[in-house]
Amino acid sequence: MFGSTFTPYILSKCFWRVIIMEYRKLGNTDIDVSVICLGTMTWGQQNTEEEGFEQMDYAVDQGVNFFDTAELYSIPPMEDTQGSTETIIGNWFEKRGNREKIILATKVAGRSGMKWFRGGETRLDSDNITKAIEGSLKRLKTDYVDLYQLHWPDRPINLFGGGLSYKHYDLESVAIEETLKVLGDLVKEGKIRYVGLSNETPWGLSEFIKAAEMHDLPKVVSVQNAYNLLNRIYESGMSEFHHRSQVGLLAYSPLAQGYLTGKYLDGARPAGARTTLFERGQRYETEQAEEIIRKYVNLANEYSMDPALMANSFVNDQDFVTSNIIGATTMEQLKIAVGSIDTKLDEECLKKIEEIHYGCPNPCP
């Protein structure tokens, strides 16, 4: 049955309580993944290999069995650091000897002009996908990936803060059936187990489902899209696929690139923070967004709760979410994120969250 399973896993004892990790089915598979998924995109730029090892060791000790990476990482994408995150994970697998204990997800880059990947425009065609998986497997030091995801579509659409409206671009794209066929071949070869999408739309997901059914090709088991208190557009159109088609959400950016912690309020730029280093948070720096972030931070303070804990807990508890992809650059951040599995927001707090949301829905889509 598709949905949640509660598998006890003792994390820590604090006299009166025991913290447990929660697991949910990955789509219609027989795989149980931890509701907390370890995001890894900072390893190779903001974090060293040693720090990546420390994060993986800690996460596994807390019952996390699900890691997410991509051939693109580390972030921001650059030629000299492309693939560095997968390399760090592969080195960890080699040293720990525990590959079989981890549900590993990675991604192939969608259509882009970043020619350093394979010497030309990245596309979701047979040649690109075949070369991409071979490169990922080599860096990850494994012979298979549990979940192979299309990082973004081949067809041109608004992505990464493109707003709520659809804008059509009359450009050719690789047929979905063609993309699924090469993925199906990789499944038959044992190089990947299951297929997922990322940064996808309701139309795109429905077309992948239809093509799989019509041509007996791999069924999509998950979609990895942004979902957080500032961006809940997944609830409209996409969340129904969880219940109707057994395709759950792997939610990324649960803290809205750290903005929901409040650390960037009033133009602050903490040392070492992502926006401080790379200036990649413009979608969260509107006057409207600042006001809503402040309201959420104040609400968390009202409950004597870390704002990051509240934001992550909200994502964890959505019934259409399979796993919440958390990311951290410090161990303190990681412990708060993983610990959110033990925090359940009460009805009063959830009601106040909804009041803030309906007062200004999705200020940062």
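Tabulated data for the structure shown
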{"quantity": "Exclusive hit being assigned to a loop (DSSP other than H, G, I, E, B) and touching an Asp or Glu at 6+ places or on another chain (Cβ under 6 Å), set LEU159, LEU171, LEU124", "calculated": "LEU124"}
{"quantity": "Which numbered condition ASN225 misses (of (1) touching a residue at least 60 places away in the same chain (Cβ under 8 Å); (2) assigned to a strand (DSSP E or B))", "calculated": "(1)"}
{"quantity": "The stretch 246-275 residues that are on the phi > 0 side of the Ramachandran plot, paired with ones that are surrounded by fewer than 18 Cβ atoms within 10 Å (Cβ to Cβ) and not in a helix (DSSP H, G or I) (beta carbon under 6 Å, 6 or more apart)", "calculated": "GLN246/PHE2; GLN246/ASN28"}
{"quantity": "Residue satisfying condition, being open to solvent by less than 60 Å² (accessible area, probe 1.4 Å), in a strand (DSSP E or B), under 28 Å from VAL223 (Cα atoms) and at pLDDT 95 or above, within set SER313, SER323", "calculated": "SER323"}
{"quantity": "Residues satisfying the stated conditions in the stretch 25-56, i.e. farther than 22 Å from VAL321 by Cβ and buried (at least 24 other Cβ atoms within 10 Å of the Cβ)", "calculated": "TRP43"}
{"quantity": "Pairs where the first residue, in the stretch 175-192, is crowded, with 17+ Cβ neighbours inside 10 Å and the second is acidic (Asp, Glu) and in a helix (DSSP H, G or I), C-beta under 7 Å, 6+ apart", "calculated": "ILE176/GLU207"}
{"quantity": "Selection from the stretch 174-210 of residues that are assigned to a strand (DSSP E or B) and touching a helix residue (DSSP H, G or I) at 6+ places or on another chain (Cβ under 9 Å)", "calculated": "ILE192, ARG193, TYR194, VAL195, LEU197"}
{"quantity": "Residues satisfying the stated conditions in the stretch 246-272, i.e. surrounded by fewer than 19 Cβ atoms within 10 Å (Cβ to Cβ) and part of a helix (DSSP H, G or I)", "calculated": "LEU265, ASP266, GLY267"}
{"quantity": "Any hit, the stretch 120-129, residues being open to solvent by less than 50 Å² (accessible area, probe 1.4 Å) and at pLDDT below 95", "calculated": "yes"}
{"quantity": "Residue count for the stretch 57-101, restricted to those that are open to solvent by less than 10 Å² (accessible area, probe 1.4 Å) and either under 16 Å from the mean Cα position of the chain (by Cα) or touching a residue at least 60 places away in the same chain (Cβ under 8 Å) (or both)", "calculated": "11"}
{"quantity": "Number of the exception - ILE157 against (1) under 30 Å from GLU100 (Cβ atoms); (2) in contact (Cβ under 8 Å) with a residue 12 or more places away in the chain; (3) out of contact with any helix residue (DSSP H, G or I) (no Cβ under 7 Å at 6 or more places or on another chain)", "calculated": "(1)"}
{"quantity": "Scope the stretch 127-156; condition within 19 Å of GLU207 (Cβ to Cβ) and in a loop (DSSP other than H, G, I, E, B); matching residues", "calculated": "HIS151, TRP152, PRO153, ASP154, ARG155, PRO156"}
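The values are calculated or read from the model by the stated rules, or taken from the named source; none is laboratory data. Computed from a predicted model, the values in this text were never measured in an experiment. Cβ atoms come from the backbone with ideal geometry, glycine included; neighbour counts cover every protein chain shown. Protein only, heavy atoms only, side chains kept; ligands, DNA and RNA dropped before computing areas. Shrake-Rupley method; radii C 1.70, N 1.55, O 1.52, S 1.80 Å.
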